[in-house]
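Chemist: The structure is given below, and queries will be raised subsequently.
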Amino acid sequence: MKNRIRWFLIFLSLYLMAGCTTIPNEFQEKVFYRIQGQSAMADKGSPGTGEGLLVKRFYIAPELKTPSFVYRLSPTRFTSDYYNNYITSPARMLTDIIKEDLWASPLFSPAQTMADIHFQLGGKVTQFYGDIQDRTQPKAVITIRLILEKNTGDRFIPVIHKTYGAQILLDAPDPGLLADGLGKGINKILDAFYKDIQAVGLTPPEK
């Protein structure tokens with residue numbers, strides 16, 4: 001009888017010790033990331049001296065609205081990371097990054113009134129996640145459809161309607177590396193967008 005009690009107490013102690021090791025995971029703190037991006041054009045002189053631009057809030061695919069990081073596991077399977085999050089909603093964050101970059105370039109300036117709106121920009125984010133289908137080659141993936149419209153006086157007409165995408169290889173499937181990779185992807189998209197803007201004839205104003 002004593003042996004049974006002794007073995008029971010030993011088993012109970014081991015069980016409780018094993019249970020205690022899971023407690024820190026249950027209280028793991030969330031980490032919040034701010035995605036940063038900047039184009040080469042935004043570094044040039046005379047920012048905010050160009051055409052008045054209104055940037056509308058971007059739409060985003062419903063499955064990407066979550067503030068949690070999203071990972072692609074297979075062609076049809078995705079998962080979200082509860083503990084690693086964007087500091088604000090992805091749609092708002094991407095809108096603000098692109099808006100501030102355009103306003104910091106010599107091509108555009110913030111439209112203060114309706115009369116100042118010479119151009120307006122809208123967009124839809126269709127891809128914004130970490131691709132870990134091949135864990136030896138994780139990638140940051142971002143795709144945005146951008147529509148730049150010009151004010152003709154009585155209506156807006158599209159001058160650019162194009163989908164831009166970027167895939168940035170990561171050294172590891174790490175949340176911090178993913179945040180950096182998404183920022184680099186935004187940079188590539190902005191640089192390509194500026195090239196198209198200048199190709200349609202919109203250039204910095206003469207000093």
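No value in this document is a laboratory result; all are computed from the given coordinates. Keep in mind that what you see is a predicted model, and the values were worked out from it rather than measured. Every residue, glycine among them, receives a Cβ derived from its backbone with ideal geometry; neighbour counts consider all protein chains shown.
Chemist: Return the long-range amide H neighbours of Ser105 (sequence gap of 5 or more, or a different chain), with a cut-off of under 5 Å between placed amide H atoms.
Modeler: Amide H neighbours of Ser105, under 5 Å, 5+ apart: Gly48.
Chemist: Determine, for each peptide in 109-118, 82-91, the mean count of other beta carbons within 10 angstrom over its residues, then list the peptides with the highest first. Working shown, then result.
Modeler: Numbers: 109-118: 13.5, 82-91: 16.2.
Order by mean packing, descending: 82-91, 109-118.
Chemist: Taking one equal scatterer on every alpha-carbon of segment 29-199, how large is log10 of I(q)/I(0) by Debye at q = 0.10, 0.11, 0.12 1/Å?
Modeler: Debye output, listed in q order: -0.39, -0.47, -0.56.
Chemist: So what are the ³J(HN,Hα) numbers for segment 84-90, from phi and the Karplus equation (6.51, -1.76, 1.60; θ = phi - 60°), rounded to whole Hz, Gly and Pro as x?
Modeler: Going residue by residue, I get 10, 9, 7, 6, 8, 4, x Hz, with x marking Gly and Pro.
Chemist: Shifting gears a bit: So what's the net charge close to Ala61: Lys and Arg +1, Asp and Glu -1, counting the other residues with Cβ under 14 Å from its Cβ? Please report the intermediate quantities before stating the final value.
Modeler: Values: positive: Lys65, Arg72, Lys124, Arg145; negative: Glu63.
Charge balance near Ala61 sits at +3.
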